[in-house]
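Working notes, structure below.
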Amino acid sequence: MPLLQSEVEPCCPPLAERPLTTEEAERAALMFKALGDPVRLRLFSAVASHESGEACVCDISDVGVSQPTVSHHVKKLKEAGLLSSERRGTWVYYRVEPAVPAARGQAPTEAATV
């Protein structure tokens, strides 16, 4: 049964909606910090743009760094709450967490128009 968007609790409100609470700001800062690394941003983008909505690590590891470095960066994205994973046999599949604003079509640049 697919998860309906209305059932997903967003990780934090859109930046222009209201001032963030301390907890929301800390959570958002962790996400922005994780995405502040170019390799992590490429990995996140590879998962988010994958046609099936999830990507095997074998599909996203061509980002110009070694496999252990890919694993390190994906771990940081998971710790920041941006990705989740599932092991299937010998491969790990990643998907963007539904609560992430980018996964819901809300780009962080919405506030940039202010």
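The values are calculated or read from the model by the stated rules, or taken from the named source; none is laboratory data. Everything numeric here is computed off the predicted structure, so don't read it as measured data. Every residue, glycine among them, receives a Cβ derived from its backbone with ideal geometry; neighbour counts consider all protein chains shown. Ligands, DNA and RNA are stripped out before the accessible areas are found, and what is left, the full protein with its side chains, is counted by its heavy atoms. Shrake-Rupley method; radii C 1.70, N 1.55, O 1.52, S 1.80 Å.
Pairing residues of the stretch 70-92 that are part of a strand (DSSP E or B) with residues that are of a type in the set (Ser, Thr, Tyr) and open to solvent by less than 80 Å² (accessible area, probe 1.4 Å), at Cβ distances under 6 Å and at least 6 apart in sequence or on separate chains, gives LEU83/TYR94; SER85/TYR94; GLU86/TYR93; VAL92/SER85. Scanning the stretch 14-42 for residues that are assigned to a helix (DSSP H, G or I) and of a type in the set (Lys, Arg) yields ARG27, LYS33, ARG40, ARG42.
Condition check ((1) surrounded by 14 or more Cβ atoms within 10 Å (Cβ to Cβ); (2) over 13 Å from the mean Cα position of the chain (by Cα); (3) modelled with pLDDT of 90 or more) across all residues:
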position: VAL8; (1), (2), (3): yes, yes, no
position: CYS11; (1), (2), (3): yes, no, no
position: LEU15; (1), (2), (3): yes, yes, no
position: ALA25; (1), (2), (3): no, yes, no
position: ALA34; (1), (2), (3): yes, no, yes
position: LEU41; (1), (2), (3): yes, no, yes
position: VAL57; (1), (2), (3): yes, yes, no
position: LYS76; (1), (2), (3): yes, no, yes
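Considering only residues in the stretch 43-54 that are without any contact (Cβ under 8 Å) to a residue 40 or more places away in the chain and not polar (S, T, N, Q), the one that is surrounded by the most Cβ atoms within 10 Å (Cβ to Cβ) turns out to be LEU43.
The residues of the stretch 78-102 that are open to solvent by 50 Å² or more (accessible area, probe 1.4 Å), at pLDDT 90 or above and of a type in the set (A, V, I, L, M, F, W, C) amount to a single one, TRP91.
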